[in-house]
Every structure is written in structure tokens, then in C-alpha cells.
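K.L.:
Would you mind keeping the following structure in view while I ask a few things?
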Amino acid sequence: MSSRPAAGGGRWVEVDPARVARWVEGFADRHGPPSTTVEDYGLLLAAPDGATAELHTPPGAPASVDVPGFVAAAGAPRRLGLLLARKGAVAVGVADGTELVVSKVDTRYVQGRTAAGGWSQQRFARRRDNQAKAALGDAVELAVRLLLPAAATLAALVCGGDRRAVDTVLADRRLAPLAALRADRLLDVPEPRHAVLVAAVGAARAVHVLVRDPERDTPTG
């Protein structure tokens with residue numbers, strides 16, 4: 001489980017689907033038995049002391065009307081497509097439940113930025129741009145070859161890395177069936193490698209919870 005500050009107050013907590021029920025029990029123990037409201041993103045838990053927890057439905061899971069249903073849906077096996085793209089590297093995969101059953105990583109050299117000025121800087125910039133375009137072209141072909149045939153079996157496509165690079169890959173018209181499955185979640189990943197792709201399976205399935213605790217979030221002075 002990981003936690004990070006949320007814009008506008010509160011904190012985001014990422015919870016493994018197998019631990020969601022226990023997490024909700026802990027929330028109730030700390031703040032009192034919460035009421036449950038169905039929202040577009042999932043479920044809102046509102047505790048008697050004013051604390052709230054937004055349980056966001058993970059990619060590919062169906063909507064739920066109560067906590068037991070949410071827990072069951074979040075933990076149920078489902079097939080997810082993965083597309084990670086950053087600079088000159090791309091990784092694609094298909095996860096069946098928690099297992100990565102299809103995977104491929106491709107890297108292509110993209111020159112780093114140069115401190116040189118004038119004509120040399122422009123020449124290096126053009127070369128770097130061409131290298132980046134070639135790398136994204138490779139990424140498109142990889143997605144066409146490995147992800148597109150599985151599109152009909154996928155509950156969602158979860159992407160990660162650089163948003164602009166991912167957008168460029170999915171802009172290819174051949175990948176329209178995959179673009180239609182794209183989840184809102186964008187995974188924050190380093191340069192794609194096989195180990196990064198494996199770790200992305202858990203990140204794609206994790207339940208995101210936005211917690212707001214009035215006592216904890218109120219500044220003191």
C-alpha cells in the first residue's frame with residue numbers, strides 16, 4: 001500500500017484489491033461506521049467524524065452498489081492490456097488477473113539533449129526528433145501485433161509513462177479498438193523494462209482511495 005498527497009487536500013492511497021476489505025474495516029475502526037453512497041467514480045464512505053474515503057473502481061472492474069460488491073469486483077480476475085511508453089522505450093503486455101501472460105519490450109536509442117548552440121544544436125534537435133518518431137512508430141507496430149488481436153478479450157487498456165507518447169501511439173487509426181478501452185488511469189513508471197511491466201500489473205489493478213480526514217488535514221498554528 002502506498003500513499004501520496006492529493007491536490008486540494010487529503011491523500012491518495014493505493015490498496016491491493018485483496019486488502020480492500022481490511023482497509024475499509026480499519027477506516028471504520030478509526031472514524032466510526034461510515035455511510036455508503038454510489039458515485040460516478042465508485043463508492044463514497046462518509047464517517048460520523050467527518051472523514052471520507054472515495055473508493056475508485058479500478059480499471060476494467062464493474063460498478064458496485066455496496067462495499068462487499070466493490071471488494072468482489074476489484075479482486076475478480078480480468079484481462080487488462082498494458083501500454084507503457086516513454087522516450088525511446090515501449091512495453092506492451094496482457095495481464096490475466098495478476099499474471100502477465102503476454103509481454104514485449106522494445107528500446108530504440110534517442111539522443112539526449114545537447115548544450116551546443118546554433119546550427120549544431122538545430123541539427124541534433126532534428127536528429128533527436130526523428131529518432132523519437134521512429135521509436136513511436138515501432139511502438140505502434142508492437143501494439144498492433146500484440147495488443148490489437150487481444151482487444152476483444154480485454155476489460156480495459158491501462159497506459160503508463162509519458163502521456164504525449166501514449167497519445168501518439170493510440171492516435172494510429174488501426175488502434176481505435178484499443179483507444180476505446182483506454183482507462184483514465186495513467187501509471188507513473190520509469191523507462192519501460194520487463195520488470196517495470198510486471199510491476200505495472202499490480203499498479204493497474206490497485207484500488208485508488210482518496211482519503212480526507214478533517215482533523216489530519218486541517219492546518220494548525
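Read the figures in this text as sums done on the coordinates, not as results from a lab. Since this is a predicted model, take the numbers as computed values, not measurements. Don't worry about glycine lacking a Cβ; one is built from the backbone with ideal geometry, like all the others, and counts go over all protein chains shown.
K.L.:
Against the 2.2 N^0.38 Å scaling, with N counting residues, where does region 15-61 land? I'd like the Cα-based Rg ratio to two decimal places. Can you show the working numbers first?
P.N.:
Working: Rg = 10.8 Å, N = 47, 2.2 N^0.38 = 9.5 Å.
Ratio of Cα Rg to 2.2 N^0.38 Å: 1.14.
K.L.:
Still on this model: Which whole-Hz couplings ³J(HN,Hα) result when phi for each residue of region 33-48 is put into the Karplus expression 6.51 cos²θ - 1.76 cosθ + 1.60, θ = phi - 60°, listed in order with x for Gly and Pro?
P.N.:
x, x, 7, 10, 10, 7, 10, 4, 7, x, 10, 10, 9, 10, 8, x
K.L.:
Continuing with the same structure: Suppose R0 equals 45 Å; then what is the FRET efficiency for residue 7 and residue 152 from their Cβ-Cβ distance, rounded to the nearest 0.05?
P.N.:
Computed FRET efficiency for residue 7 and residue 152 comes out at 0.80.
K.L.:
Could you run the Karplus curve 6.51 cos²θ - 1.76 cosθ + 1.60 with θ = phi - 60° over region 204-212 and give me ³J(HN,Hα) per residue in whole Hz, x for Gly and Pro?
P.N.:
My calculation for region 204-212 gives 5, 8, 4, 8, 8, 10, 9, 9, 10 Hz in order.
K.L.:
For labels at residue 79 and residue 179 in the simple 7 Å Cα→Cβ model, what's the distance in nm?
P.N.:
Taking the simple label geometry, residue 79 and residue 179 are separated by 2.3 nm.
K.L.:
On a full-extension model of 0.36 nm per residue, what is the gain between residue 14 and residue 103, subtracting their alpha-carbon distance, rounded to one decimal in nm?
P.N.:
The span from residue 14 to residue 103 would gain 29.6 nm if fully extended.
K.L.:
Turning to a different aspect of this structure: Once phi is turned into θ = phi - 60°, what whole-Hz ³J(HN,Hα) does the Karplus curve with 6.51, -1.76 and 1.60 give for every residue of region 57-64, x standing for Gly and Pro?
P.N.:
Running phi through 6.51 cos²θ - 1.76 cosθ + 1.60 with θ = phi - 60° gives 4, x, x, x, 8, x, 5, 10 Hz.
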